[in-house]
Structures are given as C-alpha cells and as structure tokens.
Amino acid sequence: MIDTPDNAFQVVADLLVAAGTFGIGMMLWFAGEYVLHRFAMHHLHGTGMMSREHLEHHVHSTWRFSSTHLLSWTGVIVVGAAIWFPVGWLISGVATGVLLAAGWAGGYAFYEYQHARAHLVPPRGRYGRWVRRHHFHHHFGRPMSNHGVSMPLWDHVFGTHESPERIRVPRRLALPWMLDEHGELLDEFTDDYELVGNDRLDERQAGIDRARAFASQAPTD
C-alpha cells in the first residue's frame with residue numbers, strides 16, 4: 001500500500017500525540033518530585049523511611065546506589081500502573097495509559113540520572129551547571145527552597161525558588177569534582193561556589209550536621 005499525503009499526515013499527528021502524552025506523564029512526575037521532596041522528605045523531619053533516608057543524604061551530601069533506589073523504582077512503577085495507566089486508559093484508550101505511565105517513569109529516571117550526576121561529576125553545559133547550582137543551594141544554603149531537582153517550574157509557582165550569586169559550600173561537604181589536588185576550589189567553579197569553614201569532621205561536628213539536616217536547616221560553616 002502506497003502512503004498518501006493524508007496517511008503521512010495521520011502518522012505524524014499520531015506521533016505528535018504520543019510524544020505529547022509521554023511529555024504530560026513526565027510533567028506529572030516533575031510535579032510529584034516537587035511535592036514529595038518538599039513535603040514527604042523535608043516537612044516530616046525524618047519521620048518515615050522516605051524522609052529519614054533523604055535527610056541522611058543531606059547529612060553527608062554524597063550519592064551512591066542503594067536498595068532504597070530499588071524501593072523508589074518499585075513505588076514509581078506501582079503508581080504509574082495503578083493511577084496513570086487507568087487514567088490514560090479512561091481518557092483515550094490503552095495506548096494513552098501506557099504512554100502516560102511511561103512518561104511518569106521516564107521523568108523519574110531523568111531526575112535520578114541528573115541528581116546522581118550532580119553529586120558525582122562536574123557540569124557539562126548550561127543545564128548541568130544550573131542543576132548543580134540549584135540543587136547545592138538547596139543542600140548548603142536553604143533546604144526549604146529549590147525542591148524541584150530537575151526543573152524549577154514548581155519552585156517558581158510556589159515561591160520556593162532561590163538563585164544566589166554564589167553558593168557557599170562547607171569544606172567538609174564539598175563535592176570531590178569541585179576540588180583540585182590540594183583540596184581547593186577549582187578555578188572554573190569560582191563564579192558559582194565558594195568554600196567556607198574548615199574540612200574538619202569530628203564526632204561533634206557530625207552530630208551538629210545531622211541535627212541540622214533533620215531540622216531541614218543548612219549546615220553550619
């Protein structure tokens with residue numbers, strides 16, 4: 001069968017609708033990301049596993065893969081299958097449900113990837129630089145701001161967005177990719193960050209860092 005212009009137009013239209021539905025699913029995740037980060041992780045101050053694990057992440061400001069990521073993926077898949085798939089199915093059929101749920105999971109995958117890279121490797125490009133500035137102000141400056149890790153939309157909507165000129169980073173919590181072999185800030189990052197305090201991390205300081213993290217307060221210098 002030879003494709004007619006009408007058939008080709010319909011194929012393009014179907015592809016655009018599919019891409020738009022997937023994109024809506026991703027946007028649903030970005031809204032969920034903001035709500036979970038702000039309320040389920042920070043407002044609960046360590047009550048429940050999600051909040052406790054997240055605030056421990058603030059204590060050390062490191063990232064590593066752990067079993068909690070498998071639990072998170074399980075939760076994301078369950079929500080996609082139990083909520084967004086049926087919603088899409090009721091709106092426009094099975095394909096819409098699959099695309100909406102897949103977009104939701106894709107948004108989560110994008111968030112996890114960007115979050116891990118922010119902690120582990122230096123930025124590449126304007127977006128990578130933005131992610132790190134946005135996220136590390138949340139870590140080191142104002143934990144009750146900048147809850148949208150991978151996009152700032154909902155922080156702007158709800159007035160929790162902040163973008164200081166430079167991010168103050170306690171030396172003991174500085175990310176390895178920021179530092180040279182002498183433990184000083186690399187020249188390429190001096191426009192965005194400044195190191196403050198000292199790099200001593202004894203038992204007393206660790207206790208202070210934990211207490212402040214669980215109160216959703218910035219670490220001291």
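Throughout, read-outs are computed from the coordinates displayed, never taken from laboratory work. Note that the coordinates shown come from a computational prediction; the quantities given were computed from them, not determined experimentally. Glycine also receives a Cβ, built like all others from the backbone with ideal geometry; neighbour counts cover every protein chain displayed.
Where is the GNM fluctuation largest for the chain (alpha-carbon springs, 10 angstrom cutoff): HIS182, HIS156, HIS138?
Its mean-square fluctuation being the largest, the pick is HIS182.
What is the Å³ per residue value for the convex hull set by the Cα atoms of the chain?
Taking only Cα atoms, the chain has a hull volume of 168 Å³ per residue.
So what is the relative contact order of the range 137-187, in percent, for Cα pairs below 8 Å that sit 6 or more residues apart?
29
For the range 108-221, what is the relative contact order in percent, using Cα pairs closer than 8 Å and at least 6 residues apart in sequence?
Computed value for the range 108-221: 25 percent relative contact order.
Starting from the Cα of ASP202, step 7 Å along the direction of its Cβ; do the same at LEU90; then give the gap between the two resulting points in nm.
It works out to 6.1 nm between the two label points.
What residue among ALA118, ALA105, ALA13 shows peak mean-square fluctuation when the chain is described by a Gaussian network model with Cα springs under 10 Å?
Top of the fluctuation ranking is ALA13.
Take every Cα pair under 8 Å in the chain that's 6+ residues apart, average their separations, divide by the length, and report that relative contact order as a whole percent.
23
If neighbour count is taken as other Cβ atoms inside 10 Å, put GLU188, GLU112, GLU194 in order from fewest to most.
With the fewest neighbours first, GLU188, GLU112, GLU194 line up as GLU188, GLU194, GLU112.
Of the chain, which part is the longest with no trypsin sites (Lys or Arg not before Pro) in a loop (DSSP not H, G, I, E, B) and with at most 13 other C-beta atoms within 10 angstrom?
After excluding every exposed loop site, the longest remaining stretch is 125-199.
Can you compute the helix-only [θ] at 222 nm over the chain? Use -39500 (n - 2.57) per DSSP H run of at least 4 residues, normalise by all residues, nearest 500 deg cm²/dmol.
Result for the chain: -18500 deg cm²/dmol, rounded to the nearest 500.
Tell me which residues come under 5 Å, amide H to amide H, from VAL196 once H is placed; ignore anything under 5 positions away on its chain.
Placed amide hydrogens put VAL169, ARG171 under 5 Å from VAL196.
Neighbour counts of other C-beta atoms within 10 Å: give me HIS147, HIS119 arranged from fewest to most.
Least to most surrounded, the residues fall as HIS119, HIS147.
Taking amide H positions as placed in the peptide plane 1.01 Å from N, state which residues far from LEU179 in sequence (5 or more) or on other chains have amide H under 5 Å from it.
LEU186
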